[in-house]
1. Within segment 488-534, track down each residue that is under 43 Å from the mean Cα position of the chain (by Cα) and either among the aromatic types (Phe, Trp, Tyr) or part of a helix (DSSP H, G or I) (or both).
2. Mind listing just one residue for me: the one in segment 191-245 that is β-branched (Val, Ile, Thr) and without any contact (Cβ under 8 Å) to a residue 60 or more places away in the chain and, of those, surrounded by the fewest Cβ atoms within 10 Å (Cβ to Cβ)?
3. Check Gly207 against each of (1) at pLDDT 95 or above; (2) on the phi > 0 side of the Ramachandran plot and name the one condition it does not meet.
4. Considering only segment 92-128, state which residues are of a type in the set (Val, Ile, Thr) and either in contact (Cβ under 8 Å) with a residue 12 or more places away in the chain or part of a strand (DSSP E or B) (or both).
5. Please go through segment 469-489 and give me each residue that is among the aliphatic types (A, V, I, L, M) and within 25 Å of Pro513 (Cα to Cα), ordered by number.
6. Are any of the residues in segment 129-139 crowded, with 24+ Cβ neighbours inside 10 Å, in the same structural domain as Tyr216 (by TED's automatic domain parsing), among the β-branched types (Val, Ile, Thr) and part of a strand (DSSP E or B)?
7. Output the residues belonging to segment 27-59 that are over 22 Å from Lys149 (Cα atoms) and either in contact with a Lys or Arg (Cβ under 9 Å, 6 or more places away or on another chain) or in contact (Cβ under 8 Å) with a residue 60 or more places away in the chain (or both).
8. If you take the residues in segment 642-671 that are of a type in the set (A, V, I, L, M, F, W, C), touching a helix residue (DSSP H, G or I) at 6+ places or on another chain (Cβ under 6 Å) and part of a helix (DSSP H, G or I), which one is nearest to Leu606 (Cα to Cα)?
Amino acid sequence: MLHKNLTNPSSIAVVGGSDNLQSPGGSVLNNLLTHHFKGDLYVVNPKKNTVQGLNCVNNTADLPQVDLAIIAIAAKYTLEIVKILAETKNTKAFIIYSAGFSEKDTEGLALEKDIAKVINQVGGSLLGPNNIGLINQHFAGVFTKPIPKLQQNGVDFISGSGATAVFIIEAAMQLGLPFSSIYTVGNSAQIGVEEVLEHFDETYKKGESSPIKLLYIESVNNPQKLLKHAQSLIKKGCKIAAIKAGSTAEGSRAASSHTGALANSDMAVDALFKKAGIVRCYGRNELIHVATVFMYPCLKGKNIAIVTHAGGPAVMLTDVLSKNNLNVPKIEGNAAAILLEKLFDGSSVANPIDFLATGTAAQLDAILNACETQFEDIDAVAVIFGSPGLTQVFDVYNVLDKHINMAKKPIYPILPSVVNVRAEIADFKNKGHVIFTDEVLFGKALATIYNTDFQNELVVESPLNKEDFKACITPEMNGFLAPKNVKSILDLAGIVTVDEIIVQTKQALQKVPRKIDFPMVMKVVGPIHKTDVGGVVLNIDNERSLNKNFEKLIQIPEATSVLIQPMLKGTELFIGVKKEGAFGHLILCGLGGVFVEILKDISIGLLPISKTEAMKMIKNLKAYPLLKGYRGKPGINLELFASLISKVSLLVKTIPEITEIDINPLIATGKNIIAVDARISIEN
């Protein structure tokens, strides 16, 4: 929990404050003064008696008691200053701008830890080091500019990078996007993105706190905390969008199974965001456009009316919406005909509603009235209106202002003429509106939100009994389990497996035809990648072929035995699990067999996974139409596939020592799905 003195201090000391407004200490002092911090303000500078009109002390020891210290001095002096403030001045909150800590070298890391230890011992809070500070409605504790518009219903923004925060603030201001608070965590020596989000969650008051949270994350240090508080905030009515930078560090790597090769830390981030209901963005412009859409009423359907006086932007917006599951439906009928009579010749109301470059404010008023009251199938309206610069268009934007304030449906203003009608747009934003300047960026943001599932659910399961698995998994086991242990585990988990026999000798081989019917499958046991070493033989249909292929397989290097199964035919499926560090276990599903690595068409989730979540994963597969059935060809048992995914989730929850599961393939035939091949790795 963030100390109250960090978020709402009664007194602030700027250590390293100066008259030089181009230095961090000088600039933050200027920001505090010009943005009217109402508490007591102190300055420490060893060479000055006054700084920016304030009395100044030369030594930190000469300060009175102070709530918050903003430290803008060289890293090597910070520990001594922190000790004086924490131990003798009752200072409970610290913002350290200084660089030269863990981002530099091991000595800097050690210094950073020592500072955090001192602050922890007095129950204080530390933001930074190596950050730009924080801004909220109480004070502007940053050394950067610009200071954005602050208001209660603006967005809360947490950033792992100070410079990136500045760029996002600048871009957001162009759209009129207001902020409620901005926190930059820098090296996160004590407070990271997760801790600030926790603070937002634990202090949230509906109707008072900002309902929109933006995150720029460079590293997820505590995934479970992020998930917990994001889910909690979203359940309280908040909307969250986030960028996670560094998504390709381990995009592909060699591994011992299909699951290991496919799953990586970025997939874990994606799964975490999906489970929480966080809208994932991949760039600054996307993030602020998503936030701007958040500022409007929720879109309750998929049918969008596009109102424009320029054809090209409307076509581009139609394209991007239509490609992303939104709809620009044709508008026709009596109401459309009545509206068309009010427009100039050559106009169209078919959707896009094009009222030409000569369109008037009165015509826009009529169009928006019709969209709100006559066109019942329309769920939202996007208005594209610019100007060639020949006349002023205040009247048009006044019409927009009126309808946005009155309409029950969202009306999104896309105002591209940022030069020609700069004054009109400024006036429009001053009335409290946020705008879009690019129709494609708007369309992508709207679609991203529409396609994000915000319904996160609590997974309630009847746990398996871990004691039942004692014979399959013993404390001394590590690595991949023997096939017989794998089969026993899957059987106990309620996952149907194919009949199989493992043989080591030709003598044992002779009994196989009495137990398994032809045709058969033979697989080498021992080598990790069976197919790569020629260790899988299909369609064995007689005893001679059985004997011949046994001799071939048992001679493969590292072979310990041969596994024999009946040859099943059907749709091949795949379920996998991988433990991904602090994120926990990921579960993957998709088409099985060779399609796993060739097509890489997989869905991924973060455990635990309910049957409902599992069904969503299946529906997100590109192969879903194939699995559902097409052109008269029956599909697979989707309910059973979802049930198997949730059963694997429950298995891993019961036995968290599992690090990897690879069930590939499962064969779907008729109403049944049977696990044919599986690998399980554990780590005790």
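The values are calculated or read from the model by the stated rules, or taken from the named source; none is laboratory data. Since the structure is predicted, the reported quantities are computational estimates derived from the model, not experimental observations. Don't worry about glycine lacking a Cβ; one is built from the backbone with ideal geometry, like all the others, and counts go over all protein chains shown.
1. Residues satisfying the conditions are Ser488, Ile489, Leu490, Asp491, Leu492, Thr531, Asp532, Val533.
2. So the first thing to find is which residues in segment 191-245 are β-branched (Val, Ile, Thr), and the list is 191, 193, 196, 203, 212, 217, 220, 234, 240, 243.
In the following step, the residues that additionally are without any contact (Cβ under 8 Å) to a residue 60 or more places away in the chain were identified as 193, 203, 217, 240, 243.
Values: Val193: 25, Thr203: 13, Ile217: 22, Ile240: 27, Ile243: 22.
Only one residue fits best here, namely Thr203.
3. Gly207 satisfies every listed condition except (1).
4. Start the filter on segment 92-128 by keeping residues that are of a type in the set (Val, Ile, Thr), which leaves 95-96, 106, 115, 118-119, 122.
Once the filter is applied, which keeps residues that are of a type in the set (Val, Ile, Thr) and either in contact (Cβ under 8 Å) with a residue 12 or more places away in the chain or part of a strand (DSSP E or B) (or both), segment 92-128 yields Ile95, Ile96, Ile115, Val118, Ile119, Val122.
5. Filtering segment 469-489 down to residues among the aliphatic types (A, V, I, L, M) leaves 471, 473, 477, 481-482, 486, 489.
Across segment 469-489, the qualifying residues are Ala482, Val486.
6. no
7. Taking segment 27-59 and keeping what is over 22 Å from Lys149 (Cα atoms), we get 40-59.
The answer is Cys56, Asn58.
8. Ile645
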